[in-house]
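The values are calculated or read from the model by the stated rules, or taken from the named source; none is laboratory data. Quantities reported herein were computed from a predicted structural model and do not represent experimental measurements. Cβ atoms come from the backbone with ideal geometry, glycine included; neighbour counts cover every protein chain shown. Quick note on the areas: whole protein, heavy atoms, side chains included, nothing else; ligands and nucleic acids left out. Shrake-Rupley method; radii C 1.70, N 1.55, O 1.52, S 1.80 Å.
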Amino acid sequence: KNLALITLIIFIITSILIYFACNKLPSFNKEIIINSTSQFIEMKGKDEYIIAKLTSAETFSKKEYDKLGSLYIGDSSAQVSAIAHYKYYIKLSELGFEVKDNNHVKFTIKKLHLSSPVAFDSGSLTSRRSWKLLGTSSKEIETYLKKNLSTFLYNKGQRAIPTVSDIAAKGLAKNMAAFYKKNGINIKKISVGYENSNINNVFNFEDNETAKTKQSFLDNLIEEYNFN
């Protein structure tokens, strides 16, 4: 009789412990994710956190018609070309996040910024001038284009932000996945969306067993992208 009672007590205690573990462990893991992500954002919150890099061969040109009074006497033109490197970043202090469940984190980007000034390879900078008839303004046009090259590059980079948004979302997912992995935190899904937008990119991470037979998710992400 005593043995049966002891067995029953052990069964009840074991059941209670199992129930407690199953219900509290997800909450515990969720708390770890929240704390780790908050610390990451706080630690790097003031920096320009780059999540997308784009490289492009750019050419800008301008043409003017030369006149003597109202009489057309020719035209002048020039163009400058360079390899530009665009860097897009977020301010981590503006980044929102929510832990949806035990291994799913959703990030919300407030705004994607373009790093300024836009860098370009000085060795790739070339220019060309041309004119017709009595055109005489090509040198002035060339000087103007070179002087304003940084402005032209910045404006083009700004116009490309809608195109870059998806690449940037992947970049953020990749960086955060690497952070969680480094800290031993198991994440299977990361969602990245933009404030005031219906676009929500969802990235699924393979578990360890699947990753042994399939290419890792991180290896498939685009780190740099070329556009024209």
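When only C-alpha pairs under 8 Å and at least 6 residues apart count, what is the relative contact order of the stretch 78-196, in percent?
RCO, the stretch 78-196: 37 percent.
Mind ranking Ser70, Ser38 by accessible surface for me, highest first, 1.4 Å probe?
Ser70, Ser38
Quick check for me: using +1 on Lys/Arg Cβ and -1 on Asp/Glu Cβ, what's the dipole size of the stretch 120-189 about its Cα centre, in debye to the nearest 20?
Using only the charged Cβ atoms, the result is roughly 300 debye.
Determine the percent antiparallel among the DSSP beta bridges restricted to the stretch 77-205, to the nearest 5.
75 percent
In the stretch 149-202, carbon and sulfur make up what percent of the accessible area (probe 1.4 Å)?
Using a 1.4 Å probe with all protein chains present, the stretch 149-202 comes out at 46 percent carbon and sulfur.
If I model a spin label at Met43 and Lys139 as a point 7 Å from the Cα along the Cα→Cβ vector, what separation in nanometres do I get?
Taking the simple label geometry, Met43 and Lys139 are separated by 5.8 nm.
For an R0 of 35 angstrom, estimate the FRET efficiency from the Cβ-Cβ distance between Ile73 and Leu125 and round to the nearest 0.05.
Once the sixth-power term is evaluated, E becomes 0.70.
Can you give the accessible area per residue of the stretch 54-98, in Å², using a 1.4 Å probe?
So the stretch 54-98 comes to 49 Å² accessible per residue, rounded to a whole number.
Compare the Cα positions of Ser124, Ile73, His85 along the charge dipole of the stretch 66-126 (+1 at Cβ of Lys, Arg; -1 at Cβ of Asp, Glu; about the Cα centre) and return the one farthest towards the positive end.
The Cα lying farthest towards the positive end belongs to His85.
Taking the Cα centre of the stretch 42-147 as origin, work out the dipole magnitude from +1 charges on Lys and Arg Cβ and -1 charges on Asp and Glu Cβ, in debye rounded to 20.
140 debye
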